[in-house]
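Trainee: For reference, the structure I am asking about is given below.
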Protein chains: 2
Amino acid sequence: MENILELLNQSPLDNKKLRETFAQMNAVDIADALEQLSDDKAIAALRLIDDDDFAADVFSYVSPEKQQMLVEGLNDAEVVGIMNELPVDDIVDFIEDVPEDVGKYVLDQVSSEKGALVDRLLDYPEDSAGSVMTTEIVELSPHMTVKDALSTIRTSGVDKETIYTCYVIDEDRKLIGAVTADSLVRAGLNQQICDLMDINVISANATDDQEELTNQFRKYDLIAMPVINRSGHLIGIVTVDDILRVIEEETTEDFEKMAGISPLDEPYMRTGVLKHAQNRITWLLILMLTAAITGAIISTFEDSLAVLPVLVAFIPMLMGAGGNAGAQSTTVVIRGMALGEIVIKDVLRVVWRETRIAIICGIVLGLANYARIWLMHDRNGTLALVVSLSLVITLVVAKSIGCTLPILAKTMRIDPATMAAPIITTIVDCTALIVFFSIARIAFNI
Amino acid sequence: MENILELLNQSPLDNKKLRETFAQMNAVDIADALEQLSDDKAIAALRLIDDDDFAADVFSYVSPEKQQMLVEGLNDAEVVGIMNELPVDDIVDFIEDVPEDVGKYVLDQVSSEKGALVDRLLDYPEDSAGSVMTTEIVELSPHMTVKDALSTIRTSGVDKETIYTCYVIDEDRKLIGAVTADSLVRAGLNQQICDLMDINVISANATDDQEELTNQFRKYDLIAMPVINRSGHLIGIVTVDDILRVIEEETTEDFEKMAGISPLDEPYMRTGVLKHAQNRITWLLILMLTAAITGAIISTFEDSLAVLPVLVAFIPMLMGAGGNAGAQSTTVVIRGMALGEIVIKDVLRVVWRETRIAIICGIVLGLANYARIWLMHDRNGTLALVVSLSLVITLVVAKSIGCTLPILAKTMRIDPATMAAPIITTIVDCTALIVFFSIARIAFNI
């Protein structure tokens with residue numbers, strides 16, 4: 001990598017040597033190198049790649065900002081060369097990421113046929129199967145022989161990733177089967193496709209959510225999945241490399257939401273400080289203002305605190321334990337739902353489980369806490385009992401709310417991850433305080 | 001699905017109808033159905049699948065407990081039939097999950113050649129590339145023609161997933177190139193493999209951590225990756241379906257650790273309440289006992305609280321805001337490191353970023369908080385200033401500690417996710433209290 005960057009930063013460029021080096025390199029690594037070059041150098045480097053198909057491949061791996069710069073820096077003919085070879089779904093990704101006029105310029109450069117396809121893909125809702133699929137597919141018919149099929153594949157010119165599984169359609173373009181590349185390789189040349197094909201094809205609808213697709217890929221060990229429209233016509237395929245990217249995005253979003261961060265579009269290092277601050281401040285503000293409620297509750301019990309100031313020292317522990325216990329339940333439930341292991345109708349079973357888990361944890365924590373207080377606070381059994389009892393109740397409340405809210409969110413079609421730790425913490429904090437002070441008032445008669 | 005379960009629960013079983021139905025079904029779905037049957041019925045159902053290869057496929061998708069039951073319920077000949085067809089890596093997974101005597105019994109049933117392979121795979125460290133790879137590969141030599149290669153593939157009998165990419169080795173069994181199935185299909189029959197092969201192969205070492213592999217798959221859009229040993233010899237491949245499972249496991253583990261839960265081995269619903277409680281209680285206990293430190297700090301300042309009891313009401317807000325702000329930083333850094341976007345040497349740049357983000361968030365929150373207190377607490381400017389100033393300092397401390405600890409953990413080869421929210425919260429809580437009371441003492445002269 002250092003080597004290629006050195007070569008690329010020479011001036012004038014050693015074109016011959018660079019061409020040789022590029023020929024040995026992977027498109028992803030060349031894209032990585034371009035990313036680190038000045039704009040002029042990056043354009044000059046991309047021009048050295050004579051094979052438009054490979055240039056398009058490299059282009060598809062650079063960041064959206066660099067892509068925009070390249071499109072603006074190359075001449076029309078060069079842009080046409082790349083766009084002709086760029087798969088439709090990559091053009092769609094590009095257009096979604098750049099300003100409207102750049103997108104329009106690119107659409108003007110591609111063939112009208114390709115432009116129509118791009119337009120159709122742009123119409124699918126964000127995060128739907130239709131928006132991640134590629135439309136470059138090999139379509140076979142059931143009465144072809146293997147020989148015909150192989151020649152169809154050879155002449156189709158579609159990208160490698162999309163022929164590992166070929167799909168079979170009937171006269172109405174309805175999906176009726178799938179043939180894997182390996183069965184074609186193994187079969188006799190005169191065998192018929194309909195005898196080889198698997199009729200049990202797992203497919204997605206164009207409007208299906210991309211997150212549902214990830215669970216299907218995982219469950220059935222798929223490397224591609226055909227996408228059909230409402231009439232059952234094959235309109236594209238989603239490949240496993242897209243799914244890896246979807247999983248990465250969706251998981252990162254879940255992590256961010258669970259930590260009270262509005263999802264970022266770009267990797268951490270490429271996002272500005274101001275944008276980071278903006279994405280974090282909303283939740284911090286909301287939580288700070290709701291914490292005022294906690295403060296108000298404490299103020300209500302100021303008289304009790306005046307009589308027994310030692311009570312204050314247990315507030316952080318109670319709130320902390322409740323918050324953590326709730327976050328545990330929320331996390332396992334959100335993750336379980338993302339993986340399809342927990343579904344909405346499990347709600348009662350989950351609550352019952354979490355309640356029992358909370359009681360066990362509560363008893364253990366309560367006993368440990370009782371012992372600690374009894375030892376450290378002059379063998380004060382009543383104080384120890386009040387705190388431990390509050391702890392058990394707080395844990396049960398925390399865990400049952402913690403597991404219910406994400407499921408509730410799902411029934412209301414809200415992303416369960418938004419119901420995560422921060423919100424639960426606030427609810428649990430209030431509960432912990434009210435329980436604690438109420439029990440203390442009764443026990444100490446204050 | 002209901003349909004097949006109905007058929008399977010009839011007695012006596014309608015063997016003919018079941019055979020027909022199975023023939024139309026996917027191995028994953030049949031495994032799902034077996035999972036829901038009584039032991040006897042599941043064994044009877046598996047016996048109806050005459051094709052050992054398909055039976056092995058179904059077997060590979062049922063849960064470890066059900067697999068053990070099936071092995072114990074089938075006779076020796078039937079176990080041999082399945083084990084002969086089961087890929088080596090699936091046998092390894094099975095042996096790792098069942099009691100030793102069951103594993104030994106199965107090893108006795110397989111051929112000595114297969115047994116030796118299983119033994120070798122069992123030797124690789126858990127979570128290494130060697131432990132997830134499959135050893136059933138097609139090896140081509142550079143001077144084969146495409147025709148030879150296709151006949152090698154045809155006669156190899158290896159599973160479909162492993163021939164999408166074939167690997168080329170030299171006389172010393174060293175990996176020298178890769179050929180994709182589609183280039184074989186497209187090439188002329190007399191072309192030589194060395195002219196078709198890609199010499200730029202991304203490979204893994206057998207001892208590489210599986211998490212590193214996931215980033216390579218994502219970066220290079222791979223569907224398979226060859227695994228080599230220390231001498232550069234090809235010893236197996238990791239396929240993308242294994243990687244999907246690794247990503248699922250590793251991500252779930254990160255979620256769990258970040259919520260202070262010891263990682264579970266089984267899905268939520270299949271884990272007992274006692275096991276759940278056990279996996280959560282360690283962290284809850286540790287955090288409860290460290291919260292005693294927070295309590296002790298508050299006790300130290302009991303005099304100040306006696307003079308100005310209103311201060312208590314701001315403790316939850318300060319601790320909450322600090323905890324949340326810290327958790328945000330920890331989460332983005334842990335996730336960034338898991339995806340390879342943030343590496344150890346970025347530590348100073350990350351801290352500098354987080355500090356600036358903290359200052360921006362701190363000022364906004366501080367102003368909002370100042371306004372709220374000034375309005376609600378009788379225009380008390382000093383109190384508002386003390387709380388807001390403490391808030392800004394707490395946020396800066398929270399975010400800089402929050403981003404540093406996971407990176408520090410990584411340098412010490414500890415999983416960054418263990419340094420997550422719960423620990424940070426405790427550190428931040430203490431800081432917030434000390435800062436708040438110190439500023440309050442100076443400002444109010446108490």
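The values are calculated or read from the model by the stated rules, or taken from the named source; none is laboratory data. Remember, it's a predicted structure, so these values are computed and weren't measured experimentally. With ideal geometry, Cβ positions are generated from the backbone for all residues, glycine too; neighbour counts draw on all protein chains shown. With ligands, DNA and RNA removed, areas are computed over all heavy atoms of the protein, side chains included. Shrake-Rupley method; radii C 1.70, N 1.55, O 1.52, S 1.80 Å.
Trainee: Average partner chain C-beta neighbours within 10 Å, per residue of A:249-257?
Mentor: For peptide A:249-257, the averaged partner shielding equals 4.
Trainee: Might you tell me the accessible area per residue for the protein assembly as shown, computed with a 1.4 Å probe and given in Å²?
Mentor: About 42 Å² of surface per residue is accessible.
Trainee: Enumerate the whole-percent occupancy of each 10 Å bin, from 0 to the last occupied one, for all C-alpha pair distances of chain B.
Mentor: Distribution as computed: 4, 16, 19, 19, 15, 12, 9, 5, 1, 0 percent.
Trainee: Measuring label to label, 7 Å along Cα→Cβ, what does A:H233 give against each other copy in nm, shortest first?
Mentor: A:H233 label point versus its equivalents elsewhere: 5.6 nm.
Trainee: Next question, about the same structure. If you fit an axis through the alpha-carbon atoms of helix A:76-85 and take the longest principal axis of the Cα set of chain A, what angle between them do you get, 0 to 90°, nearest 10?
Mentor: Between the helix axis and the principal axis of chain A, the angle is about 80 degrees.
Trainee: What is the distance in Å between the Cα centres of the stretch A:388-446 and the stretch B:25-95?
Mentor: Here the answer is 44 Å between Cα centres.
Trainee: Here's a follow-up. What does the convex hull of the alpha-carbon atoms of the stretch A:251-366 project to on average, in nm²? Numbers along the way, then the final one.
Mentor: Numbers: hull surface 42.1 nm².
The Cα convex hull of the stretch A:251-366, projected and averaged over all directions, gives 10.5 nm².
Trainee: For A:D108, place a label point 7 Å from Cα along the Cα-to-Cβ direction in every copy; what are the distances to the other copies, in nm, shortest first?
Mentor: Its label point is 7.9 nm from the equivalent points in the other copies.
Trainee: Which semi-axes, in whole Å and largest first, does the equivalent ellipsoid of the protein assembly as shown have when worked out from the alpha carbon gyration tensor as the square roots of 5 times its eigenvalues?
Mentor: Equivalent-ellipsoid dimensions as semi-axes: 54, 36, 24 Å.
Trainee: Another question, then. Let me check I've understood the local charge: for A:I401, count other residues with C-beta under 13 angstrom from its C-beta, Lys and Arg +1, Asp and Glu -1. What total comes out?
Mentor: That sum, taken over residues with Cβ under 13 Å, equals -1.
Trainee: If I fit a long axis through the Cα atoms of helix B:421-444 and take the longest principal axis of the Cα atoms of chain B, what angle between them do I get, 0 to 90°, rounded to 10?
Mentor: With both axes taken from Cα atoms, the answer is about 10 degrees.
Trainee: Continuing with this model, one more query. In µm²/s, what is D for the stretch B:22-158 at 25 °C and 0.890 mPa s, where D = kT/(6 pi eta Rh) by Stokes-Einstein and Rh is the Kirkwood radius from Cα pairs? Please report the intermediate quantities before stating the final value.
Mentor: On the way: Rh = 16.2 Å.
Answer from the Stokes-Einstein relation: 151 µm²/s.
Trainee: Compute the long axis of helix A:347-376 from its Cα atoms, compare it with the longest principal axis of the Cα atoms of chain A, and write down the angle in degrees, 0 to 90, nearest 10.
Mentor: Taking the Cα atoms of chain A, the angle to A:347-376 is about 50 degrees.
Trainee: Taking the label point as lying 7 angstrom from Cα along the Cα-to-Cβ axis, what are the distances from B:L285 to the corresponding position in the remaining copies, in ascending order and in nanometres?
Mentor: When each copy's label point is compared with this one, the spacings are 4.3 nm.
Trainee: Could you tell me how many cubic angstrom of Cα convex hull volume the stretch A:1-101 has per residue?
Mentor: It is 92 Å³ per residue.
Trainee: Give the carbon-plus-sulfur fraction of the accessible surface of the protein assembly as shown in %, rounded to a whole number; probe 1.4 Å, heavy atoms of protein chains only.
Mentor: Using a 1.4 Å probe with all protein chains present, the protein assembly as shown comes out at 53 percent carbon and sulfur.
Trainee: Pairs to check: B:K41/B:K114; B:K16/B:K41; A:K41/A:K275; A:K17/B:K219. Give those whose C-alpha atoms are more than 21 Å from each other in this structure.
Mentor: Pairs exceeding the cut-off: B:K41/B:K114; A:K41/A:K275; A:K17/B:K219.
Trainee: If I model a spin label at B:W374 and B:E302 as a point 7 Å from the Cα along the Cα→Cβ vector, what separation in nanometres do I get?
Mentor: Placing both labels 7 Å beyond Cα along the Cβ direction yields 3.6 nm.
Trainee: Is the stretch B:214-263 best put as rounded, prolate or oblate by its Cα gyration tensor, with a ≥ b ≥ c the root eigenvalues, rounded for a/c under 1.5, and otherwise prolate when a/b is larger than b/c, oblate when not?
Mentor: prolate
Trainee: Out of all DSSP beta bridges in the protein assembly as shown, what portion is antiparallel? Express it as a percent rounded to 5.
Mentor: Given both bridge residues lie in the protein assembly as shown, the antiparallel proportion sits at roughly 80 percent.
Trainee: Return one quarter of the surface area of the convex hull spanned by the alpha-carbon atoms of the stretch A:320-406, equal to its mean projected area, in nm².
Mentor: 5.4
Trainee: Also, quick follow-up: Out of all Cα-Cα pairs in the stretch A:171-314, roughly what percent, to the nearest whole number, are more than 27 Å apart?
Mentor: Values: 5697 of 10296 pairs.
It works out to 55 percent of all Cα pairs.
Trainee: Given a 1.4 Å probe and no ligands, DNA or RNA in the count, how much accessible surface is buried by A and B, both sides, to the nearest 100 Å²?
Mentor: Its buried surface, counting both partners, is about 9800 Å².
Trainee: Moving on to the next point. Could you compute the FRET efficiency for A:Q36 and A:N215, with r as their C-beta to C-beta distance and R0 at 41 Å, rounded to 0.05?
Mentor: 0.65
Trainee: Among residues other than A:S329 whose Cβ falls under 13 Å from its Cβ, what is the net charge (Lys/Arg +1, Asp/Glu -1)?
Mentor: Net local charge, A:S329 excluded: +3.
Trainee: Where Lys and Arg each count +1 and Asp and Glu each count -1, what net charge lies around B:M69 among other residues with Cβ under 13 Å from its Cβ? Kindly include the intermediate steps, with their values, before the conclusion.
Mentor: Numbers: positive: B:K41, B:K66; negative: B:E35, B:D39, B:D40, B:E65, B:E72, B:D97.
Spelling it out: positives minus negatives among the neighbours equals -4.
Trainee: Rounded, prolate or oblate for the stretch A:53-118? Axes are the square roots of the Cα gyration tensor eigenvalues, ordered a ≥ b ≥ c, and the cut-off for rounded is a/c under 1.5.
Mentor: Working: a/c = 1.24, a/b = 1.11, b/c = 1.11.
Rounded is the answer for the stretch A:53-118, as its axis ratio a/c remains below 1.5.
Trainee: Using mean Cβ contacts within 10 Å as the protection proxy, how do B:263-274, B:173-184 order, highest first?
Mentor: Sorting B:263-274, B:173-184 by mean packing, highest first, produces B:173-184, B:263-274.
Trainee: Which FRET efficiency, nearest 0.05, do A:L348 and B:D76 yield, Cβ-Cβ r, R0 45 Å? Don't skip to the answer; put the middle values down first.
Mentor: On the way: r = 44 Å, r/R0 = 0.98.
The value I calculate is 0.50.
Trainee: If I model a spin label as a point 7 Å beyond the Cα along the Cα-Cβ vector, how far apart are those points for A:I286 and B:E20 in nm?
Mentor: 5.6
Trainee: Within a 10 angstrom radius of each residue's Cβ in A:352-358, how many Cβ atoms of other chains show up on average? Whole number is fine.
Mentor: 4
Trainee: Let me ask something else about it. Can you give the mean number of other chain Cβ atoms that lie within 10 Å of the Cβ atoms in peptide B:258-268?
Mentor: Across the residues of B:258-268, the mean count of other-chain Cβ atoms within 10 Å is 5.
Trainee: Would you give the gap between the C-alpha center of the stretch A:125-154 and the C-alpha center of the stretch A:257-335, rounded to a whole Å?
Mentor: Between the Cα centre of the stretch A:125-154 and that of the stretch A:257-335, the gap is 50 Å.
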